[in-house]
Amino acid sequence: DDDGLGEDEEHEELNEAEQEVLDIADASGRITVQKDRISWLVGLRAKALPEVFVSNPFDIGGYGPVTLQLRADRDTGVCVLSLHGAAPRPAGLRVGLFAGKGWAKRSLSPWPDGTDLEDRFEVSFARRASLLCGLVYHAGHGQ
């Protein structure tokens with residue numbers, strides 16, 4: 001019974017050999033952590049999609065665990081991506097969320113204690129097999 005798992009395992013080995021990444025894949029999607037970027041590939045092929053997709057936990061620099069949550073706003077045709085983690089957060093941490101192709105135009109924002117970082121993107125889940133989203137960050141040093 002070959003369902004393609006061998007190819008995925010081989011791909012993960014290549015990623016680990018070629019670059020320093022953390023690569024976690026399961027039913028919640030694939031999280032890839034590389035330098036100052038965390039990518040989350042969310043599969044959208046299921047017949048009944050959940051209300052909210054929740055990523056596997058990961059760290060941002062030395063801070064974590066944190067999770068991403070993705071939900072579709074079916075009334076407006078946009079999706080909402082949010083970042084969740086416990087306080088206290090590192091001083092100077094700045095984060096920018098992205099979904100689809102809209103990430104390059106967004107600037108990094110502070111992520112203060114007591115809040116979840118949330119952003120809306122004009123990206124529909126319709127006719128998509130998957131959606132790439134995630135975050136870029138800068139871990140400021142000092143006060």
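The values are calculated or read from the model by the stated rules, or taken from the named source; none is laboratory data. Being a predicted model, the structure only gives us computed values, none of them experimental. All Cβ positions, glycine included, derive from the backbone under ideal geometry; neighbour counts span all protein chains shown.
Can you spot a residue in segment 107-118 that is touching a Ser or Thr at 6+ places or on another chain (Cβ under 8 Å) and among the acidic types (Asp, Glu)? Scanning segment 107-118, I find at least one residue that is touching a Ser or Thr at 6+ places or on another chain (Cβ under 8 Å) and among the acidic types (Asp, Glu), so the answer is yes. In the set Leu83, Leu97, Leu70, only one residue is more than 18 Å from Gln34 (Cβ to Cβ), among the hydrophobic types (A, V, I, L, M, F, W, C) and crowded, with 20+ Cβ neighbours inside 10 Å; that residue is Leu70.
Restricting attention to segment 43-65, does a residue exist that is of a type in the set (Ser, Thr, Tyr) and closer than 14 Å to Ser28 by Cβ? Spell out how you get there, then give the answer.
Restricting attention to segment 43-65, the residues satisfying the condition of being of a type in the set (Ser, Thr, Tyr) are 55, 63.
Still in the running and closer than 14 Å to Ser28 by Cβ: 55.
Among the residues of segment 43-65, at least one is of a type in the set (Ser, Thr, Tyr) and closer than 14 Å to Ser28 by Cβ, which makes the answer yes.
Selection of first residues in segment 62-73 that are hydroxyl-bearing (Ser, Thr, Tyr) and of second residues that are part of a loop (DSSP other than H, G, I, E, B), restricted to Cβ pairs under 8 Å at least 6 apart or on distinct chains, gives the following pairs, ordered by first then second residue: Tyr63/Arg89; Tyr63/Pro90; Thr67/Ser55; Thr67/Asn56; Thr67/Pro57. The lone criterion from (1) farther than 21 Å from Ser28 by Cβ; (2) assigned to a loop (DSSP other than H, G, I, E, B) left unmet by Ser124 is number (1). Only residues that are at pLDDT 50 or above and in a loop (DSSP other than H, G, I, E, B) were counted across segment 8-60, and they come to 15.
Let's see how each residue does on (1) in a strand (DSSP E or B); (2) at pLDDT below 95; (3) at positive phi:
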residue: Gln69; (1), (2), (3): yes, no, no
residue: Thr76; (1), (2), (3): no, yes, no
residue: Cys79; (1), (2), (3): yes, yes, no
residue: His84; (1), (2), (3): yes, no, no
residue: Pro88; (1), (2), (3): no, yes, no
residue: Ala91; (1), (2), (3): no, yes, no
residue: Phe98; (1), (2), (3): yes, yes, no
